[in-house]
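Working notes for the structure below.
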Amino acid sequence: MSCPSIAVTAAVAHLLRAAELSRTATIRREYVKELTLERLDDEQVLDVRLYPGPVSGKPLGRQSKQYEVVVKLAFRKKLSGDSNRDIDPWMDYVQEVADYLSSLENRLLAIDPQATWHGEHWAAPYLPEHLRQFNQFTSVLEVTYVTTRG
C-alpha cells in the first residue's frame, strides 16, 4: 500500500502526461521545502510541477481510513510581454487543466482507482512579483482528491 499523497500526486501527473490539452507541457512530480519558483529562461518551455500538499484522514471503520489529499500544481511560462494578450492564454490553460481534472472521466485516477476528485482551489492565479521580476507567468492550482485505504 502506497502513501496516499504519493499515489494521488503520481496519478495526477500520469493523467496530465496522457491528456490531450491545448498546450504541451513538461510535467514533473517532485518535492520542495517551500513553494518558491526560480526564474525560467526558455520561452519555449511550459513547466508544470506537481507537489504533494496537505493530507488529512479520518477512520471509516475498524480497518479503513478516508484521506483528503491535496496536489499542488505550479505552472510557469516565460513571457515575451506583460500585456493581457500575453497573460490571458496561460490563465486559460490553467483553467483548462482544472476543468480536465474535474471532468467526469478523470474523477477516478488511473494509478489510485480509489481516488475521486473532490475540489480545487486556485491558490495563486498568477504571481505579480514573477511578472515584474522575471517577465514570467507563474500560477498555483491546488486540486483535492478523496481516497480510502484499508
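Structural remarks
- Annotation: amide H-H contacts under 5 Å for H118 (H modelled 1.01 Å from N, sequence separation of 5 or more, or interchain): T144, Y145, V146.
- Summing Cβ point charges (Lys, Arg +1; Asp, Glu -1) relative to the Cα centre of the chain gives a dipole of roughly 720 debye.
- Residues whose amide H lies under 5 Å from that of L127, counting only those 5 or more places away or on a different chain, are T138; hydrogens are built 1.01 Å from N in the peptide plane.
- For the chain, calculated [θ]222 nm from helices alone, where every DSSP H run of n ≥ 4 adds -39500 (n - 2.57): -9000 deg cm²/dmol
- Nonlocal amide H pairs with L46, under 5 Å, H built at 1.01 Å: T26
- Computed from the Cβ-Cβ distance with R0 of 22 Å, the FRET efficiency linking M91 to L21 stands at 0.95.
- In sequence order, calculated HN-Hα J values of the stretch 115-124 (Karplus, 6.51, -1.76, 1.60; Hz; x Gly/Pro): 7, 10, 4, 10, x, 9, 9, 8, 4, 9
- Average projection area in nm² (convex hull over Cα atoms of the stretch 79-150, one quarter of hull surface): 5.9 nm²
- Relative contact order [Cα under 8 Å, 6+ residues apart], the chain, whole percent: 27 percent
- Karplus (6.51, -1.76, 1.60) ³J(HN,Hα), θ = phi - 60°, over the stretch 63-70, in Hz, Gly and Pro reported as x: 10, 9, 10, 10, 10, 9, 10, 9
- Counted residue by residue at 0.36 nm each, then reduced by the alpha carbon distance between them, the extension gain from V55 to S103 reaches 15.1 nm.
- Taking the three principal axes of the alpha carbon atoms in the chain, the coordinate ranges are 56, 31, 20 Å, sorted in descending order.
- You can think of it this way: the chain between S83 and R28 has 17.0 nm of extra reach, that is 0.36 nm per residue less the Cα-Cα gap.
- Using θ = phi - 60° in the Karplus curve 6.51 cos²θ - 1.76 cosθ + 1.60, the 3J(HN,Hα) couplings for the stretch 125-139 round to x, 7, 10, x, 5, 6, 5, 5, 6, 10, 6, 10, 7, 10, 9 Hz; x is entered for Gly and Pro.
Read-outs: derived from the displayed coordinates by stated rules, not from any lab. Note that the coordinates shown come from a computational prediction; the quantities given were computed from them, not determined experimentally. Glycine gets a Cβ as well: all are built from the backbone with ideal geometry, and neighbour counts include every protein chain shown.
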